[in-house]
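Remarks on the structure that follows.
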Amino acid sequence: MRLRALTAQAKVELLMTLRRGENVVVTLVIPLGVLLFFGKVDKLTNLKDPVAFLVPGTLALAVMAAAMVSLGIATGYERRYGVLKRLGTTPLSRGGLLAAKTATVLVLEVLQAALIIAVGAALGWSVPVGVVPAIGLLLLGTVAFAGVGLLMAGTLRAEATLGLANGLFLVLLFLGGMAYPLDRLPGAMQAVAKALPAGALSESLRSVLDTGRHFATGEFLVLAAWAVVASMAAARYFRWEE
């Protein structure tokens with residue numbers, strides 16, 4: 001019964017997400033725009049192979065946009081308008097709702113990843129064998145960012161979630177090693193960046209895509225810690241209504 005309710009809710013969530021035009025812009029257009037723009041303007045990154053650097057960062061950016069920003073804001077407004085309160089009277093549990101929303105994000109990310117890899121290949125990026133372990137990192141990153149997004153949506157007012165999610169997106173875009181190398185940041189800022197989920201995900205992805213098998217252990221542990229703590233906090237403190 002619980003599995004059936006979760007599956008049904010995941011289908012509804014996916015249809016609702018696809019109907020929101022702003023979700024498509026955030027989750028698809030912005031990451032692809034970053035890849036195309038910075039991939040063509042070499043002087044901004046000053047890297048020997050900017051596309052090889054940018055593809056892992058853009059994959060991380062897409063996960064952050066879908067799992068934290070889009071999911072967090074949409075859920076916040078569903079909570080404000082009483083949609084979640086009505087769901088609370090159904091057999092769907094709080095954990096089931098969060099799982100259904102995270103599953104919806106995963107489906108969208110498959111499309112994101114396919115488009116980003118295709119565009120990267122068109123720009124001259126050679127798709128490496130490390131794509132397989134990178135999938136596992138993207139799943140872990142999704143859990144981490146979905147936890148952050150749902151924690152905001154389930155504890156803050158919708159307007160606060162909107163502002164905080166967009167603010168975090170901009171900060172993590174800069175501090176996440178997505179379009180600019182972390183090792184070029186000042187020492188203290190670099191240390192902070194490496195402790196954040198965006199930097200941990202982009203650097204871990206870059207490591208496995210470069211080597212095909214080697215995980216950046218420190219970054220992987222940071223990402224795993226964010227995934228566990230954020231998802232547990234979201235499940236514990238998420239409230240059905242404001």
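Each reported figure results from applying straightforward, stated rules to the coordinates on display, with no laboratory input. The structure presented is a predicted model; accordingly, all values stated were derived computationally and were not measured. Methodologically, a virtual Cβ is constructed for each residue, glycine included, from the backbone with ideal geometry; neighbour enumeration extends over all protein chains shown.
If you run the Gaussian network model on the chain, springs between alpha carbon atoms under 10 Å, then out of 126, 204, 70 the most flexible one is 126. Remark: spin-label model distance residue 49-residue 7 equals 4.3 nm, labels positioned 7 Å along the Cα→Cβ axis.
Ranking 126, 180, 145 by Cα position along the charge dipole of the chain, where only Lys, Arg, Asp and Glu carry charges on their C-beta atoms, puts 145 farthest toward the positive end. Only helices enter this figure: runs of n ≥ 4 DSSP H residues, each worth -39500 (n - 2.57), summed and divided by the residues of the chain, yield -24500 deg cm²/dmol at 222 nm to the nearest 500. What the Cβ-Cβ distance of residue 189 and residue 239 gives, at R0 = 22 Å and to the nearest 0.05, is a FRET efficiency of 0.05.
The simple spin-label model puts a point 7 Å past each Cα toward its Cβ; for residue 86 and residue 224 those points are separated by 4.2 nm. Quick check: from the Cα gyration tensor, does region 70-203 come out rounded (a/c under 1.5), prolate or oblate? Oblate shape, in that a/c is at least 1.5 and b/c is the bigger or equal ratio.
Simple spin-label estimate for residue 77 and residue 131 gives 3.5 nm between the two label positions (7 Å along the Cα-to-Cβ direction from each Cα). What the phi angles of region 61-70 give under the Karplus curve with 6.51, -1.76 and 1.60, with θ = phi - 60°, is a coupling list of 4, 5, 4, 4, 5, 6, 7, 9, 6, 4 Hz, glycine and proline written as x. When only the Cβ of Lys, Arg, Asp and Glu is charged (+1, +1, -1, -1), the dipole of region 2-237 relative to its Cα centre reaches about 820 debye.
Assuming R0 = 22 Å, can you tell me the calculated FRET efficiency for the pair residue 25 and residue 160, based on Cβ-Cβ distance, to the nearest 0.05? That pair, residue 25 with residue 160, gives E of 0.50. Panel order for 102, 58, 7, 217, by other beta carbons found within 10 Å of each beta carbon, from fewest to most: 217, 7, 102, 58.
Leaving out same-chain residues fewer than 8 places away, which lysines sit with a Cα under 16 Å from that of residue 85? Result set, ordered by chain and number: 101.
Both numbers refer to the Cα atoms of the chain; Rg and Dmax are 17.6, 56 Å.
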